[in-house]
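Asks: Please see the structure below; I have some questions.
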Amino acid sequence: MFSFLRSYFSNDLAIDLGTANTLIYVRGKGIVLDEPSVVAIRMEGGPNAKKTIQAVGLAAKNMLGKAPGAITVIRPMKDGVIADFTVTEQMLKQFIRKVHDSRLLSPSPRIIICVPSGSTQVERRAIRESAIGAGASQVFLIEEPMAAAIGSDLPVSEPTGSMVVDIGGGTTEVGVISLGGMVYAGSVRVGGDKLDEAIINYISRNYGMLIGENTAENIKKCIGSAFPGAEVREMEVSGINKAEGIPRKFTISSNEILEALTEPLNSIVSAVKSALEKTPPELGADIADKGMVLTGGGALLRDLDRLLMEETGLPVIVAEEPLTCVARGCGMALERMDKLGSIFTSD
């Protein structure tokens, strides 16, 4: 009886538990939370030393690389799957509490969560159990390319082929969808994080400077591009000189960032090509007609659509608001949960 009451007062949620950001969609309200998947944990000293959560989300992300010894800042999701189980559960708990109005009863919602199509059974089970540990009454899983396709308004349940490329923080998911199911799903563990890493390594190699993750991400957002453009943009960056050990400023150009990003971008292109090779010819004809849709934060990288267009010769469309595509698709699946039974994945 009590559990029925709790679930009655709880709103159903759809969660895009990403490597970089976590988004929560509440039934009837839309997306209500969009925060980085980062947790700051404080280790308390003394005889009864215990760990407490200092901050989650944006507040914790601002501490990355700046925290003292007593506070560790971790990203509990790695490559789209859970790297630290207990921390992920606590993070989900905090986020769910943020979006819940009712203070009287602890929330016990039905939750839909996106999982990478390449994740193993064990990884899916970890995601399911951490959601149940965070207070969910039922958990449904949906594969990311499917959610991204629903979120970008592709005709998912019709007998035509739709191709979606979702470039997230930890993984790039390529999916070909027809009749409400996945005909092909490919997943490579290259995403926004690998692009940042490539920039850090390039600057370390060529300039002898050390920069942090947040700085690398800023460089990628400001002057990063996937295709050589006519104009060369420059940016002033601060880092620590490895030889002197002293903070210094230096200027870097967009052409150099393009060179730094070549390797991870090639992995994304080859994932798209191998998906096209394995697509049945009838669906391939539909894709040649309509092209592919880019979603996820990586779709915001300048000229990435041009790179894929040049490499495959197919039309490439960037979805509207690519960052929230997967969460919106998850939300639509939540709204039409009873009609769209076939799109959920079993363990």
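Asks: When the accessible area of segment 185-256 is split by element with a 1.4 Å probe, what percent falls to carbon and sulfur? It would help to have the intermediate numbers written out before the result.
Replies: Numbers: 1840 of 3750 Å².
C and S atoms contribute 49 percent here.
Asks: Can you list the lysines whose alpha carbon sits under 21 Å from that of Lys242, skipping same-chain ones fewer than 8 residues off?
Replies: Within reach: Lys66.
Asks: Past the 28 Å Cα-Cα mark, which pairs from Lys29/Lys278; Lys221/Lys278; Lys98/Lys194; Lys78/Lys273? Walk me through the numbers before you get to the answer.
Replies: Values: Lys29/Lys278 39 Å; Lys221/Lys278 33 Å; Lys98/Lys194 30 Å; Lys78/Lys273 25 Å.
Flagged as over cut-off: Lys29/Lys278; Lys221/Lys278; Lys98/Lys194.
Asks: Between Asn266, Asn241, Asn21, which gets the highest mean-square fluctuation from a Gaussian network model of the chain, Cα cutoff 10 Å?
Replies: Largest GNM mean-square fluctuation: Asn241.
Asks: Cβ neighbours within 10 Å, averaged per peptide: list 94-100, 321-327, 243-249, 226-232 in order, most packed at the top. Intermediate results must be reported in sequence, preceding the final value.
Replies: Numbers: 94-100: 18.0, 321-327: 23.9, 243-249: 9.1, 226-232: 12.7.
Final packing ranking: 321-327, 94-100, 226-232, 243-249.
Asks: Report the relative contact order of segment 157-253, percent, no decimals, based on alpha-carbon pairs under 8 angstrom and at least 6 residues apart.
Replies: Working: 144 pairs, mean separation 16.4, N = 97.
Relative contact order of segment 157-253: 17 percent.
Asks: Let me ask something else about it. Relative contact order, percent, of the chain when contacts are C-alpha pairs under 8 Å separated by at least 6 residues? Before the final figure, lay out each step's value.
Replies: On the way: 732 pairs, mean separation 64.8, N = 347.
With pairs under 8 Å counted, the relative contact order is 19 percent.
Asks: Search the structure for amide H atoms under 5 Å from the amide H of Arg302, placed 1.01 Å from N in the peptide plane, and list their residues when 5 or more places away or on another chain.
Replies: Ala226
Asks: Please report the antiparallel percentage of the DSSP beta bridges confined to the chain, to the nearest 5. Present the calculation step by step, with values, prior to reporting the outcome.
Replies: Working: 46 of 63 bridges.
Among the beta bridges of the chain, antiparallel pairing accounts for roughly 75 percent.
Asks: Still on this structure, please answer the following. With a 1.4 Å probe and all protein chains left in place, how much accessible area per residue does the chain have, in Å²?
Replies: On the way: 16010 Å² over 347 residues.
In whole numbers, the chain has 46 Å² accessible per residue.
Asks: Another question, if that's okay. Using mean Cβ contacts within 10 Å as the protection proxy, how do 120-129, 148-157 order, highest first? Let's see the in-between values first.
Replies: Details: 120-129: 15.8, 148-157: 22.5.
In descending order of packing, they fall as 148-157, 120-129.
Asks: Report the paramagnetic label zone for Lys78: residues of segment 49-63 whose backbone N is under 14 Å from a point 7 Å from Cα along the Cα-to-Cβ axis.
Replies: none
Asks: Return the single residue from Gly170, Gly181, Gly298 with maximal mean-square fluctuation; model: Gaussian network over the chain, springs between Cα atoms under 10 Å.
Replies: Gly181
Asks: By a straight-distance test (C-alpha under 15 Å), which aspartates and glutamates pair with Lys220 as possible cross-link partners, with residues fewer than eight away in the same chain excluded?
Replies: The reachable aspartates and glutamates, counting only those whose Cα sits under 15 Å from Lys220, are Asp193, Asp196, Glu197, Glu234, Glu236, Glu256, Glu259, Glu263, Asp303.
Asks: Kindly rank 188-197, 214-223 from highest to lowest mean number of other beta carbons found within 10 Å of each residue. Show your work: numbers first, answer last.
Replies: On the way: 188-197: 22.8, 214-223: 18.6.
For the peptides 188-197, 214-223, the packing ranking is 188-197, 214-223.
Asks: Another question, if that's okay. Please compute the modelled spin-label separation between Glu213 and Thr120, points set 7 Å along Cα→Cβ, answer in nm with one decimal.
Replies: So the label points at Thr120 and Glu213 sit 2.3 nm apart.
The values are calculated or read from the model by the stated rules, or taken from the named source; none is laboratory data. The structure displayed is predicted, hence computed values, not measured ones. We place every Cβ from the backbone using ideal geometry, glycine too, and count neighbours over all the protein chains shown. Side chains included, ligands, DNA and RNA excluded: accessible areas come from the protein's heavy atoms. Shrake-Rupley method; radii C 1.70, N 1.55, O 1.52, S 1.80 Å.
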